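Read-outs throughout are calculated quantities, based only on the coordinates presented, and are distinct from any laboratory measurement. Note that this is a predicted model, so its numbers are computed, not measured. Reconstructed Cβ throughout: ideal geometry from the backbone, glycine too, with neighbour counts over all protein chains shown.
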Amino acid sequence: MSPAVPRSTLRRGLGVLGASIKLEPRSFALAATGAAVYAAMTVGSAVVLGRVTDELIVPSFAAGQARAGAVLAGAATVFAVIALKAVGVATRRIAATWMQFSLEARHRVAIAQRYQRLPLSWHRRHSTGELLSTVQADVEAAFGAIAPLPMSAGVILMLLIAAVVMVLTDPLLSLAGLGLGAGMTWLNWYYNRRVSHHATQAQTLRGEVSRVAHESFDGALVVKTLGREAAETARFAERSEKLRDELIQVARLRAQFNPVMEALPEIAILLVLLLGGWRAAQRAGSPGTVVQFAYLFSLLAFPLRVLGFLLGDLPRSVAGWDRLRRVLDADEELLEVGGDGDAPPPPQAPSELELHGVHFAYDTAVPGDPALARDDARLVLRDIAFTVPAGRVVALVGPTGSGKSTIASLLVRLAEPLSGEIRLDGRDVRELTRDTLSRDAALVFQHSFLFDDSVRDNITLGEPYSDDEVQAALELAQAGVFVARLPAGLDTVVGERGATLSGGQRQRIALARALVRKPRLLVLDDATSSVDPTVEARILRGLRDAPLPSTIVLVAYRRATIALADEIVFIDDGLVRARGSHDELLRGLPAYKSLITAYDRPTGAP
C-alpha cells in the first residue's frame with residue numbers, strides 16, 4: 001500500500017514553486033498576467049454567449065428575423081473576447097516556457113560549476129551516472145511543475161470569478177458548479193496522496209539506471225574481455241524493471257484519475273441542462289442562463305485538469321529539488337583561507353616546496369578536525385614533513401598504498417590535509433587563489449584523460465598558446481615525432497578519452513599539456529609508466545636540462561627513473577621513513593633496497 005502524501009509534501013512543493021518565482025519574478029508576473037486575462041475572458045465568453053442568446057438569438061427566433069446591427073454587435077463582442085483570450089494564452093505560454101527553461105539552464109550551470117569546485121573526496125562517494133542524472137533528469141523534475149503554475153493561478157482566479165458570476169446569475173444552478181469544484185478538488189488531493197510515493201521512487205530509480213548504464217558503458221573493455229555481458233545486462237535489467245514498475249504504477253493511477261476528471265464536467269453539464277431546462281420551462285430561468293452555465297462548465301474542464309497536473313507533479317518536483325539541492329548545498333568545497341589580493345605575480349623561477357606536519361584521511365569532509373588527526377586507524381598520511389628546494393628533482397618512492405599519490409594530490413589542492421601546512425615559496429597553498437595555484441603547479445596523472453578533440457586543443461585547453469609553444473612542449477615530452485606522423489598532425493582528433501592513441505602516447509600528450517604552461521612546480525604521478533624506459537629516460541633528462549622554471553616531484557617505481565632524482569623521499573605506511581640520494585638509501589635502508597631490486601631478483605628468491 002502506498003504511503004499517504006504528508007502535508008509537508010504539499011508544503012515543500014509550494015516552497016519549491018515559491019523559490020522558482022523568486023528567481024524568475026518577471027517571467028512569472030508576465031505569465032500570470034496572461035493567465036489572468038485568459039481566466040477573465042473564459043468566464044466572459046460564457047457571460048457574453050448567455051447575453052447573446054437572451055438578447056439576440058431568442059428574440060430573433062420570436063420575431064422571425066434578426067437585425068443586422070444587433071448581429072454585427074454580437075459578433076464583434078464575441079470576437080473581441082476570443083481575441084483577448086488568445087492574447088492571454090499566447091502570453092502565458094511563452095512566458096511560462098521561458099521561465100521553466102531559464103530555471104533549468106540556470107540550475108544546470110550552477111550544478112556543473114558546483115561539480116567543478118567540490119573535492120575529489122565528494123566525487124568518490126557519487127557515481128558518474130548519478131551526477132549525470134542530477135544535472136539532467138532531476139533538474140527537469142524539479143521545475144516540471146513551474147510551467148503549469150501560471151495557468152493554475154489563472155484557474156483559481158477563474159473559479160473565483162465564475163463562482164461570483166454563477167451565484168449572482170442563478171444561485172440554484174450555481175450549486176452544480178460548486179459541487180463540481182469541490183469534487184475535483186477532493187479528487188486532486190486523493191490522486192496526489194496516492195501517486196507521491198511512486199513518483200519519488202521513480203525519480204530515485206532514474207538515477208540508479210543512469211549510474212548502472214554509465215558504469216557498463218565506461219567499463220566496456222572489462223565487460224567484453226571477461227565475458228560479463230550477460231551479468232551487466234541482468235544488472236541493468238533489474239534496475240530498469242524496478243523503474244518500469246514504478247512508472248507503470250504512476251500511469252495506472254493517472255489512468256484512473258484522468259477519466260474521472262473528464263467525466264465530472266460532463267456530468268455537471270447534464271445536471272445543468274436538466275435542471276436549467278426544467279427551470280426555463282417553469283419561467284424561473286432563461287435559456288441564456290442555461291447556455292451560459294453549460295458553456296462555462298465545458299470551458300472549465302481542461303483548466304481544472306491543469307490544476308490537477310500541477311498538484312500531481314509536486315511530489316516529483318520535490319524529489320528532484322531535494323536531489324539537486326544535495327549537490328548545491330554540499331559543504332565540502334575546498335575553502336580558501338585567504339587570497340592573492342594585489343600581490344605581484346611571482347617570478348618565472350622554480351618554487352620551493354615545504355610540507356609541515358601533514359595528516360590526511362579519505363573518509364572525512366572536515367579539514368582540520370583535531371580528533372580525527374589523532375585517530376591513526378583512519379589516517380592515510382601521518383606527520384608528513386619534507387622540503388624540496390627550488391629547482392630540484394625529488395622522487396617519492398614507496399610500496400603500493402603507502403600514500404605517494406595522496407601526497408601528489410595534496411600538493412595541488414585536489415584534497416585538503418586534516419592538519420599541517422603545504423607551502424609554495426613560503427605561502428600556504430590555501431592562501432592562493434585557484435587561478436594562481438593552477439598557473440604555478442601542475443599534476444600529471446598515471447591515467448591520462450584526453451578529450452574527444454584535436455591534439456592541439458587537448459594541450460592548450462582553450463588557452464592562447466601558439467603552435468610554436470605547443471610544439472616545444474611536445475618535443476620536451478618526446479611526443480613531437482609521433483604527433484607529426486598523425487593524419488592531420490596537431491589537428492588530428494584523438495577520439496573519446498584518446499581512444500585512437502596508445503597508453504604511452506596519451507601520457508606524453510598529457511605531459512605536454514602540463515609543460516606548455518611552464519609550471520613552477522611539476523608533479524608527475526607515475527606519469528610515464530606506459531612509456532618505453534628509453535623514452536622515459538629521455539623525457540626525464542630533457543626535463544632536467546631544459547630551461548624550465550620547474551621544481552619536479554616524481555612518484556616513481558622504475559629504478560632508472562628514481563636514479564635521475566636529486567633526492568629520494570621514502571614513504572611507507574603513510575610516514576616519511578627516510579630521505580637521501582638513491583645510492584645512500586640503497587646502501588642504508590633495507591626496505592628501500594628490497595623494493596628497488598625486486599625485479600632484479602630471480603622468481604621465488606627471498
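Computed values, structure above
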| item | result |
| --- | --- |
| Residues whose placed amide H lies under 5 Å from that of T433, excluding near-sequence neighbours | D340 |
| R0 of 51 Å, Cβ-Cβ distance D583-D467: FRET efficiency to nearest 0.05 | 0.75 |
| HN-Hα J in Hz across region 467-483 - Karplus 6.51, -1.76, 1.60, θ = phi - 60°, x for Gly and Pro | 4, 5, 5, 5, 5, 5, 5, 5, 5, 5, 8, 6, 10, x, 5, 6, 5 |
| Region 438-490: mean projected area of Cα convex hull, nm² | 4.3 nm² |
| Where labels lie 7 Å past Cα in the beta-carbon direction, separation of L14 and E241 in nm | 4.2 nm |
| Built amide H within the under 5 Å cut-off of T551, gap 5+ | S351, G391, L521, L522 |
| Segment L84-T433, extension gain: residue separation times 0.36 nm, minus the distance between their alpha carbons | 120.0 nm |
| R0 of 41 Å, Cβ-Cβ distance T33-A251: FRET efficiency to nearest 0.05 | 0.75 |
| Karplus (6.51, -1.76, 1.60) ³J(HN,Hα), θ = phi - 60°, over region 209-214, in Hz, Gly and Pro reported as x | 4, 4, 5, 5, 4, 5 |
| Long-range HN-HN contacts of S419 with modeled amide H, under 5 Å | H359, G368 |
| Karplus 3J(HN,Hα) series, Hz, for region 83-91 with 6.51 cos²θ - 1.76 cosθ + 1.60 (x for Gly, Pro) | 5, 5, 4, 5, 4, x, 5, 4, 4 |
| Positive-end residue, region 434-482 charge dipole about Cα centroid, Cβ charges, pick of A441, V455, Q478 | A441 |
| Length released on extending from T597 to L72, taking residue separation times 0.36 nm less the Cα-Cα span | 178.5 nm |
| Length gained when the stretch E496-V109 is fully extended (0.36 nm per residue, less Cα-Cα span) | 137.0 nm |
